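Worksheet for the structure shown next.
The values are calculated or read from the model by the stated rules, or taken from the named source; none is laboratory data. Because the structure is predicted, anything quoted here is derived from the model rather than measured. Ideal geometry is used to build each Cβ from the backbone, glycine not excepted, and the neighbour counts take in all protein chains shown.
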2 protein chains.
Amino acid sequence: MPNNCFSVIIAGGKGTRFWPLSRAGRPKQLLKILSRKSLIEETAERVYALGGRAQTLVVTIADQVAALRRELRDLPKNNFLAEPQGKNTAPCIGLAALELVRRNPAAVMIVLPADHWVRDRAAFRRTLKAAVGLAMQNDQLITIGIRPDYPETGYGYIMKDKTVAHKSTSTAFLVKRFTEKPTLAVARRLIRQHSLWNSGIFVWKASTLLQLLARYQPVIAAGLESIKRAAAGKSLADPSPKLRAVIAREYKKMPNLSIDYAVMEKAGAEGKVLTLEADFGWSDVGSWAAVHRMTPKDADGNASQGRWLGLGAKNCLIHAPERLVVLLGVENAVVVDTPDALLVGALDRSQEVRDLVDALNRQGLSSYTI
Amino acid sequence: MPNNCFSVIIAGGKGTRFWPLSRAGRPKQLLKILSRKSLIEETAERVYALGGRAQTLVVTIADQVAALRRELRDLPKNNFLAEPQGKNTAPCIGLAALELVRRNPAAVMIVLPADHWVRDRAAFRRTLKAAVGLAMQNDQLITIGIRPDYPETGYGYIMKDKTVAHKSTSTAFLVKRFTEKPTLAVARRLIRQHSLWNSGIFVWKASTLLQLLARYQPVIAAGLESIKRAAAGKSLADPSPKLRAVIAREYKKMPNLSIDYAVMEKAGAEGKVLTLEADFGWSDVGSWAAVHRMTPKDADGNASQGRWLGLGAKNCLIHAPERLVVLLGVENAVVVDTPDALLVGALDRSQEVRDLVDALNRQGLSSYTI
């Protein structure tokens, strides 16, 4: 990869969807739910293979920096960028773009969520190299579109327009429209129309993103401009107390917006977004049911981390690193064992784990969620 | 109660049906599954109200004596009778009868399993007093028959013959026939025919039982005779090493027989068994499903010991004294949490817990069963 190319890992996840494993102080990206490595460790290793550690940036909320530094010990200390508070992805990616332009005015950035699953790493790298090549050539935004496996209603979809480029491994299309989390019927229609899953992996010149923020999101752009002035050429990853205060002040003013809504949809409508169609085996790690889907299973459809025994157990997910779990005649269930709390749930209701965390907090059981 | 009346609690249960709570070294009767008291503690307290502690004997396997003495601290030390090995109930009850006849030649014994549930203690006492009254008057065997609530296939049934006595609270019938664990269809027919559940609670003169053993089970009777000679009037509850060796030697020769098969069925065929019909709310505590049936439940049919939270949980049994359990959309399940192992099972398959224990032992996981 050219040395003006940077990877930016967005690690802002909260600890609700994977309770009881995830807690407020141990968010999703730190969990070892797919392997013996945490999600962010897996993401970082995939990304190091693109541009190396020096070219990798992690953006996260300030109070998670210490934990992430411990998790990614071999990433340079000044490659962690702290947000003063969570404001969704648009301010976060804007801040990263600002820092990258400071490091290299011609920076191309690959934006990646910290908590995704990728089956084929080599295909993943080939796709991103192709995307970087495209981004170098023009000022368009590139989003990686995934050929869908099934009509998932929890994802966003990309409707393709005409083909604009064909690389050896991937084809790029103009984006016609984005569709957020569709109904099942709509998801099925989108698949019939060859729409793609929106992976949330983006590639563009950092300067292009800043220009588009200035155009579509003047409040965010103005905040970033103030931060840039206060930094006066110094790194945002190692801010003085004064600079930190400026970042906090400007963040407070910024709207809570996703990059999809803040920039992608608007730029897409103006024909400025391409999607590179890929098929490297991808999934958002969004629920225990998703973990079950992407984990190797036995002949009865059971997936596990930890020691377990089943009698008539089918289609279950067991996460119990410490204790023996025995399932008797249980089907389509998730069992998650932690030192102080235990979840037994219907797999197809695992989206509601978030509601459980709310219920625990309401009922004075927040010691089990922090 | 007259002071020649003794209660004999049979505490020979193993640690299989209530795994993971029960273990080989922590058998069923020591479990606190119905309340904060262990099953044997509840049984003992019910029984103390009949004839007092001095008149209560506990018979168990030698290696469980220490644990039972710890559990029943206020029972005199020499009221624990140790069997050298488990040989089902016939040798066990024979040994107890031998000791009681030694203590009082006119002894009447009430035999009770250690692990039953009784709803109405006052009715239970009234029934047993009536049974003792009957047993004093004649040389018949009396078994307490329970009016069935539903066609349970795990119990034995008693077909009644003609009425022989009517007490204020109970009616006694001659026993026509015993039926062991019937099919569901047979259980339904038995209920239509007003048959009773066989509670396994028996009342008779100790001398009568010994006579009938001599008649139907000469090997057991001969063994008991040798033990009696070796004891030479000394207590079997505090045997010398020599006496202990004789008991062990004789036990080895005895057949492994239940009192039902060894004596009751044969005596019943000769018109020597009465059943006293009772309705004090009784259940064998035979499986997690049985525990669920007899435990108070919330509006959704959930019964629990320990702290738990449910979202859409129905008809579940939760036993988790140490940790928080959260159930999401789970129905008809049992969740049992112990420090090293966790069971999640379909309630209606809880009879198979025994098979799970076998499977654990076969798979080299016996550290979880001992």
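Which residue, of A:Ser258, A:Ser240, A:Ser235, is in the same structural domain as A:Leu209 (by TED's automatic domain parsing), surrounded by fewer than 19 Cβ atoms within 10 Å (Cβ to Cβ), hydroxyl-bearing (Ser, Thr, Tyr) and without any contact (Cβ under 8 Å) to a residue 60 or more places away in the chain?
A:Ser240
For the range B:9-39, how many residues meet the condition of being at pLDDT below 95 and β-branched (Val, Ile, Thr)?
Qualifying residue count for the region: 2.
When you go through (1) in a loop (DSSP other than H, G, I, E, B); (2) more than 9 Å from every other protein chain (Cβ to nearest Cβ); (3) farther than 29 Å from A:Val118 by Cβ one by one for A:Pro339, which number turns out not to apply?
All conditions pass for A:Pro339, except number (2).
Given the options B:Ala66, B:Ala97, B:Ala122, B:Ala24, name the one that is away from every other protein chain (no Cβ under 14 Å), within 18 Å of the chain's Cα centre (by Cα) and closer than 24 Å to B:Val285 by Cα. Can you show your working first?
On the way: B:Ala66 fails: within 18 Å of the chain's Cα centre (by Cα); B:Ala97 fails: closer than 24 Å to B:Val285 by Cα; B:Ala122 fails: within 18 Å of the chain's Cα centre (by Cα).
One residue alone meets the criteria, B:Ala24.
Select from the range B:349-367 the residues that are within 8 Å of chain A (Cβ to nearest Cβ), of a type outside the set (A, V, I, L, M, F, W, C) and surrounded by fewer than 24 Cβ atoms within 10 Å (Cβ to Cβ) and write down the one among them that is nearest to A:Gly306 (Cα to Cα).
Step one: filter the range B:349-367 for residues within 8 Å of chain A (Cβ to nearest Cβ), giving B:349-350, B:352-353, B:355-356, B:359-360, B:363, B:365.
Imposing the further condition that a residue be of a type outside the set (A, V, I, L, M, F, W, C) reduces the set to B:349-350, B:352, B:355, B:363.
Applying the additional criterion that residues be surrounded by fewer than 24 Cβ atoms within 10 Å (Cβ to Cβ) yields B:349, B:352, B:355, B:363.
On the way: B:Arg349: 24, B:Glu352: 23, B:Asp355: 21, B:Gln363: 16 Å.
Among residues in the range B:349-367 that are within 8 Å of chain A (Cβ to nearest Cβ), of a type outside the set (A, V, I, L, M, F, W, C) and surrounded by fewer than 24 Cβ atoms within 10 Å (Cβ to Cβ), the one nearest to A:Gly306 (Cα to Cα) is B:Gln363.
Would you point out the residue of the range B:307-336, among those that are farther than 19 Å from B:Leu356 by Cβ, of a type outside the set (A, V, I, L, M) and in a loop (DSSP other than H, G, I, E, B), that is nearest to the other protein chains (Cβ to nearest Cβ)?
Only one residue tops the list, namely B:Gly329.
For the list (1) among the aliphatic types (A, V, I, L, M); (2) assigned to a loop (DSSP other than H, G, I, E, B); (3) buried (at least 20 other Cβ atoms within 10 Å of the Cβ), I need the number of the one condition that B:Ile370 fails.
If we test B:Ile370 against (1) among the aliphatic types (A, V, I, L, M); (2) assigned to a loop (DSSP other than H, G, I, E, B); (3) buried (at least 20 other Cβ atoms within 10 Å of the Cβ), just (3) comes out false.
Given (1) surrounded by 21 or more Cβ atoms within 10 Å (Cβ to Cβ); (2) touching a helix residue (DSSP H, G or I) at 6+ places or on another chain (Cβ under 7 Å), identify the lone condition not met by A:Leu34.
Among (1) surrounded by 21 or more Cβ atoms within 10 Å (Cβ to Cβ); (2) touching a helix residue (DSSP H, G or I) at 6+ places or on another chain (Cβ under 7 Å), the lone unmet condition for A:Leu34 is (1).
Scan A:Arg189, A:Arg229 and give me the residue that is within 29 Å of A:Asp284 (Cα to Cα) and out of contact with any helix residue (DSSP H, G or I) (no Cβ under 6 Å at 6 or more places or on another chain). It would help to see each step written out before you state the result.
Details: A:Arg229 fails: within 29 Å of A:Asp284 (Cα to Cα).
The unique qualifying residue is A:Arg189.
Being buried (at least 24 other Cβ atoms within 10 Å of the Cβ) and under 23 Å from A:Val65 (Cβ atoms), is that true of even one residue in the range A:118-129?
Narrowing the range A:118-129 to residues buried (at least 24 other Cβ atoms within 10 Å of the Cβ): A:127-128.
Checking which are under 23 Å from A:Val65 (Cβ atoms) leaves us with none.
No, because not a single residue in the range A:118-129 is buried (at least 24 other Cβ atoms within 10 Å of the Cβ) and under 23 Å from A:Val65 (Cβ atoms).
State all residues of the range B:84-97 that are surrounded by fewer than 21 Cβ atoms within 10 Å (Cβ to Cβ) and on the phi < 0 side of the Ramachandran plot; if no residue qualifies, say none. Break it down stepwise before answering.
Going residue by residue through the range B:84-97, those that are surrounded by fewer than 21 Cβ atoms within 10 Å (Cβ to Cβ) are B:84-86, B:88.
Within the range B:84-97, B:Pro84, B:Gln85, B:Gly86 qualify.
Any residue in the range B:295-306 that is in contact (Cβ under 8 Å) with a residue 12 or more places away in the chain and either in a helix (DSSP H, G or I) or within 9 Å of chain A (Cβ to nearest Cβ) (or both)?
Looking through the range B:295-306, none of the residues is in contact (Cβ under 8 Å) with a residue 12 or more places away in the chain and either in a helix (DSSP H, G or I) or within 9 Å of chain A (Cβ to nearest Cβ) (or both).
Matching residues to (1) modelled with pLDDT under 90; (2) among the basic types (Lys, Arg):
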residue	(1), (2)
A:Thr169	yes, no
A:Phe173	no, no
A:Lys181	no, yes
A:Ala187	no, no
A:Phe202	no, no
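Only residues in the range A:116-143 that are under 21 Å from A:Met294 (Cβ atoms) and in contact (Cβ under 8 Å) with a residue 40 or more places away in the chain count as the first member; pair them with residues that are in a strand (DSSP E or B) and aromatic (Phe, Trp, Tyr), Cβ under 6 angstrom, at least 6 apart or cross-chain, and list the lot.
A:Val118/A:Trp282
When A:Lys32 is evaluated against the numbered criteria (1) over 25 Å from A:Ala107 (Cβ atoms); (2) touching a strand residue (DSSP E or B) at 6+ places or on another chain (Cβ under 6 Å), which criterion, by number, is the only one it fails?
Here A:Lys32 clears every test but (2).
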